[in-house]
Amino acid sequence: MVILKTKKELDKMRYSGYIAGNVLNEIKLSAKPGITTKYLNDKAEKIIRQHKAIPAFLGYKGFPFTICASINEEVIHGLPSDRELIDGDIISIDLGAIYKDYYSDTAITVSVGKISSEAERLISVTEECLNQGIKKAVPNGRLGDISNVIQTHAEINRFNVVRNFGGHGIGRDLHEKPQILNYGKAGSGIMLKVGMVIAIEPMITEKEPDNKVTSGGWTVITKDNGLSAHFEHTIAITEDGPEILTKRS
């Protein structure tokens with residue numbers, strides 16, 4: 001069952017989203033050569049707690065960190081460590097906050113130093129996929145409209161969408177219904193209604209979309225070691241259209 005949020009619930013989710021968006025905005029500025037992903041994780045946790053919120057990922061289904069830090073061929077769920085970022089890396093930083101029992105979830109992929117032109121294009125197209133998907137998050141639209149526009153934009157730019165992971169509803173739980181695939185047919189799926197809150201998160205690969213989970217049991221990587229990029233916003237569907245709750249200043 002898809003849970004529609006009341007105005008009071010949306011107010012709490014707006015502040016949760018505000019926290020997550022601004023924490024991510026600060027963390028991305030620290031993603032430079034020589035910085036470890038553990039440093040990014042610890043900084044994110046400190047800032048979230050300073051806002052009197054709780055890191056959404058820490059302890060979720062046993063996940064041991066505040067952020068997912070996924071580098072280069074890592075698609076999602078990268079584990080922070082003492083690994084130092086180097087010039088030419090791209091890194092996806094995914095995080096969320098819990099404020100008064102309500103979740104937010106957001107991600108961005110950033111460059112570390114000077115990256116290749118193809119990596120730049122991958123990042124740019126993935127963010128465009130997110131923005132195109134958000135535009136389709138309107139009352140009386142269909143879930144498939146979001147999925148289709150993400151897939152279409154990725155593929156016309158000669159990239160591929162990851163098919164076995166996607167977006168989701170969000171609220172008092174990090175993952176609620178509906179699941180939001182990054183591929184599909186326009187006009188298909190459930191009707192979008194005012195009060196729905198969803199996390200849209202295209203995961204786009206440079207080469208083939210096939211992936212696997214590493215031996216650690218968390219990190220998902222591309223099978224062909226091609227680059228992967230990931231962007232995400234938490235979106236409320238309102239009478240006036242989509243509202244980005246995790247907007248970054």
Kindly indicate which of ASP105, ASP89 is acidic (Asp, Glu) and either within 17 Å of GLY169 (Cα to Cα) or at pLDDT below 95 (or both).
ASP105
Unique match (being among the hydrophobic types (A, V, I, L, M, F, W, C) and touching an Asp or Glu at 6+ places or on another chain (Cβ under 8 Å)) among ALA53, ALA20, ALA31
ALA20
Count of residues meeting criterion [surrounded by 22 or more Cβ atoms within 10 Å (Cβ to Cβ) and either hydrophobic (A, V, I, L, M, F, W, C) or within 15 Å of ILE90 (Cβ to Cβ) (or both)] in the range 207-235:
7
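Test LYS212 against the stated conditions and say whether it is without any contact (Cβ under 8 Å) to a residue 40 or more places away in the chain and either touching a Phe, Trp or Tyr at 6+ places or on another chain (Cβ under 9 Å) or part of a strand (DSSP E or B) (or both).
Working: without any contact (Cβ under 8 Å) to a residue 40 or more places away in the chain: yes; either touching a Phe, Trp or Tyr at 6+ places or on another chain (Cβ under 9 Å) or part of a strand (DSSP E or B) (or both): yes.
So LYS212 fits the description; yes.
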Output for Cβ contacts, cut-off 8 Å, separation at least six or different chains, first residue among the charged types (D, E, K, R) in the range 221-249, second surrounded by fewer than 22 Cβ atoms within 10 Å (Cβ to Cβ) and part of a loop (DSSP other than H, G, I, E, B), reads LYS223/GLU208; LYS223/ASP210; ASP224/LYS207; ASP224/GLU208; ASP224/ASP210; GLU239/PRO139; GLU239/VAL194
So ARG142 fits all but one of (1) closer than 26 Å to ALA31 by Cα; (2) surrounded by fewer than 20 Cβ atoms within 10 Å (Cβ to Cβ); what number is the exception?
(1)
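Residue check: is ALA186 closer than 14 Å to SER228 by Cα, among the small types (Gly, Ala, Ser) and in contact with a helix residue (DSSP H, G or I) (Cβ under 6 Å, 6 or more places away or on another chain)?
Values: closer than 14 Å to SER228 by Cα: no; among the small types (Gly, Ala, Ser): yes; in contact with a helix residue (DSSP H, G or I) (Cβ under 6 Å, 6 or more places away or on another chain): yes.
Criteria not met by ALA186.
With respect to SER147, determine if the residue is surrounded by 19 or more Cβ atoms within 10 Å (Cβ to Cβ), more than 23 Å from GLY21 (Cβ to Cβ) and hydroxyl-bearing (Ser, Thr, Tyr).
Working: surrounded by 19 or more Cβ atoms within 10 Å (Cβ to Cβ): yes; more than 23 Å from GLY21 (Cβ to Cβ): yes; hydroxyl-bearing (Ser, Thr, Tyr): yes.
Judged against the criteria, SER147 is a match.
The values are calculated or read from the model by the stated rules, or taken from the named source; none is laboratory data. Small disclaimer: the values here were computed from a predicted structure and weren't measured. In this analysis, Cβ positions are derived from the backbone assuming ideal geometry, glycine residues included, and neighbour counts consider all displayed protein chains.
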